[in-house]
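Down below is the structure, laid out as structure tokens.
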Amino acid sequence: MEDQTGATHPNNEDEIPAEGLPTRAGAELHRALDAAHRHAVAWLDSVAERPIRPETDVDGILGALDTTLHDESRSAAAVVDELAAIAEPGLMAMGSPRFYGFVIGGSHPAALAADWLVSAWDQNTGSRQPTPATAGLEEVAGAWLLELLGLPAGSGVGFATGASSANFACLVTARDAVLRDRGYDASTGGLQAGPRLRFLAGDAVHTSVVLAGRLAGLGAPETVGADAQGRIDVPGLERALAADPDAATVVALQAGDVHSGAFDDFAIAIAVARDAGAWVHVDGAFGLWAAASSRYTDLTDGVAEADSWATDAHKTLNVPYDCGVAIVRDEAAMTSSLGAHAAYLPAVAAVSDPYDRVPELSRRARGVTVWAALRALGRRGVADLVDGLADAASALADGFAEIPGLEVLNDVAFTQVCLASGDDAQTLALGEWLRAEGTVWASSSNWQGRAVVRFAVSNRGTDAEAVARTVDAVARGAEALGIR
């Protein structure tokens, strides 16, 4: 039987099972997995050299899809072949070592392979009792993370969908804790009748923290200023705290500005917030990993004194989507705010379950990929990974500086590089040219009142060759656009 992709596939029940397989269902499963493996390997083998941009848009994909839901069944392998053939033209090569958009890492081989196993095992890792294997792996991964990042041992660690949900988990915990400190239980009374809440952040606060604050009932943060690189204005924070000393206050700091890569002055800012009785949360989606390298510990000096931290393992650590990490110093506070309770749920006395530390009751065992990456890399490998990303960002900045008409606007403190010409329209045109040409994909943005092309170095494969090809592509784009 031939499908619309041109491939020939077995006719379900007419096929004899593969030798050694006990049932037709088993044969179909093996054929489907073989097809998926074949397509996955072909995709991965092509990522480093294929154009990064998708070859078609959503309308092109919709036009290729058979949108009729048929009555008849199809073989699983045929569906996998059809999926791969139709989807591939609409896929972006986000795993390319020259993909710098958003802040997206590649996938370490051990983490990717572990993720395949996680899907095959299909464990709902909510409770330690029914899923001891994956729960145990996640507990070890969490302890390793605390050790690597220099955070307090015994902190609660939850594996969420991404940095946004990790920030949300932490801010919900923070909200409840500061209200509880004032004698109010938000878990039973809600927010309406509680003490006044305040949410403070620097002017460069990331949108994921803003979203998480809204969802947590804190509202949009009151911003207190920032310097030219996006670091929170500590005197502004001190003034804001002093202006309303009776409010229950949560302060958000950041490890790694999304444009400049700059880190807040944690030692001073946390001390100021502590003196005012505020909870301090750190959004470290990509930057918190700097603590794993001896070269960059000055960037995170004092960060361990905060109350909670959020990061994203699919960024700097290079594990597959989705894998945010929520960390709270006071695990009891975390489980009090996020814990699930029902008669049908198993309970282990005095030990929190995985679903007690994240918003989800049901979820995949996403922390297993973190265990696999850390087990494969080791402490030295993680430090080398962090150093390599930062080195590549510095090399990009050095290369861009040699291109006439272009300048790097930020101090390259970590892994972010913001590039601009003297004219905003030309800068935006350069970003469009690069994304259309396909060698490089970088995000266009606006920073400090100027249009920029932002390069976020997050992929472990961004080596000297990838840097050289990136600089060459930018130079060709500048020349084609007449940037001088």
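Laid out as a table, the results:
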| quantity | calculated |
| --- | --- |
| Contacts under 7 angstrom Cβ, first residue in region 343-362 being modelled with pLDDT of 70 or more, partner open to solvent by 60 Å² or more (accessible area, probe 1.4 Å) and in a loop (DSSP other than H, G, I, E, B), 6 or more apart | 351/128; 353/128; 355/361; 362/124 |
| Region 346-365, subset in contact with a Pro (Cβ under 9 Å, 6 or more places away or on another chain) and farther than 16 Å from residue 169 by Cα, residue least open to solvent (accessible area, probe 1.4 Å) | 365 |
| Answer residue from region 85-138, given it is among the polar types (S, T, N, Q) and more than 17 Å from the chain's Cα centre (by Cα) and is surrounded by the fewest Cβ atoms within 10 Å (Cβ to Cβ) among those | 119 |
| Any chance residue 239 is more than 25 Å from residue 169 (Cβ to Cβ) and open to solvent by 10 Å² or more (accessible area, probe 1.4 Å) | yes |
| Filtered residue count, region 421-442, keeping only those that are outside any helix (DSSP H, G or I) and either open to solvent by 10 Å² or more (accessible area, probe 1.4 Å) or over 21 Å from residue 390 (Cβ atoms) (or both) | 6 |
| Inter-residue pairs, beta-carbon under 6 Å, first farther than 16 Å from residue 400 by Cβ and in region 421-432, second surrounded by 14 or more Cβ atoms within 10 Å (Cβ to Cβ) and hydroxyl-bearing (Ser, Thr, Tyr), 6+ apart | 428/444 |
| Region 139-182, residues that are touching a residue at least 12 places away in the same chain (Cβ under 8 Å), farther than 15 Å from residue 356 by Cβ, open to solvent by 40 Å² or more (accessible area, probe 1.4 Å) and not in a helix (DSSP H, G or I) | 150, 161, 181, 182 |
| Single residue of 50, 38, 31 found to be of a type in the set (D, E, K, R), in contact with a helix residue (DSSP H, G or I) (Cβ under 6 Å, 6 or more places away or on another chain) and at pLDDT 95 or above | 31 |
| Restricting region 58-77 to residues that are over 33 Å from the mean Cα position of the chain (by Cα) and of a type outside the set (Asp, Glu), the residue that is nearest to residue 38 (Cα to Cα) | 75 |
| Residues (touching an Asp or Glu at 6+ places or on another chain (Cβ under 6 Å) and not β-branched (Val, Ile, Thr)) located in region 267-289 | 267, 279, 285 |
| Complete set of residues in region 291-305 that are among the hydroxyl-bearing types (Ser, Thr, Tyr) and surrounded by fewer than 17 Cβ atoms within 10 Å (Cβ to Cβ) | 294, 297 |
| So residue 205, is it open to solvent by 30 Å² or more (accessible area, probe 1.4 Å), in a loop (DSSP other than H, G, I, E, B), at pLDDT 95 or above and out of contact with any Asp or Glu (no Cβ under 7 Å at 6 or more places or on another chain) | yes |
| Any pair with Cβ under 7 angstrom, 6 or more apart, that starts in region 22-40 at a residue that is closer than 15 Å to residue 119 by Cα and open to solvent by less than 70 Å² (accessible area, probe 1.4 Å) and ends at one that is at pLDDT 95 or above and not β-branched (Val, Ile, Thr) | 32/76; 32/77 |
| Failed item, numbered, when residue 199 is tested on (1) in a loop (DSSP other than H, G, I, E, B); (2) surrounded by 23 or more Cβ atoms within 10 Å (Cβ to Cβ); (3) more than 20 Å from the chain's Cα centre (by Cα) | (1) |
| Verdict on residue 45 being out of contact with any helix residue (DSSP H, G or I) (no Cβ under 8 Å at 6 or more places or on another chain), over 30 Å from residue 259 (Cβ atoms) and of a type in the set (D, E, K, R) | yes |
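Okay, residues lined up against (1) touching a Leu at 6+ places or on another chain (Cβ under 7 Å); (2) at pLDDT below 95; (3) among the basic types (Lys, Arg):
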position: 134; (1), (2), (3): no, no, no
position: 139; (1), (2), (3): no, no, no
position: 146; (1), (2), (3): no, no, no
position: 160; (1), (2), (3): no, no, no
position: 171; (1), (2), (3): yes, no, no
position: 177; (1), (2), (3): no, no, no
position: 193; (1), (2), (3): no, yes, no
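The values are calculated or read from the model by the stated rules, or taken from the named source; none is laboratory data. Quick caveat, the model's predicted, so the values are computed rather than measured. So basically every Cβ, Gly included, is an ideal-geometry build from the backbone, and we count neighbours across all protein chains shown. Keep in mind that these areas ignore ligands, DNA and RNA; they rest on the heavy atoms of the full protein, side chains included. Shrake-Rupley method; radii C 1.70, N 1.55, O 1.52, S 1.80 Å.
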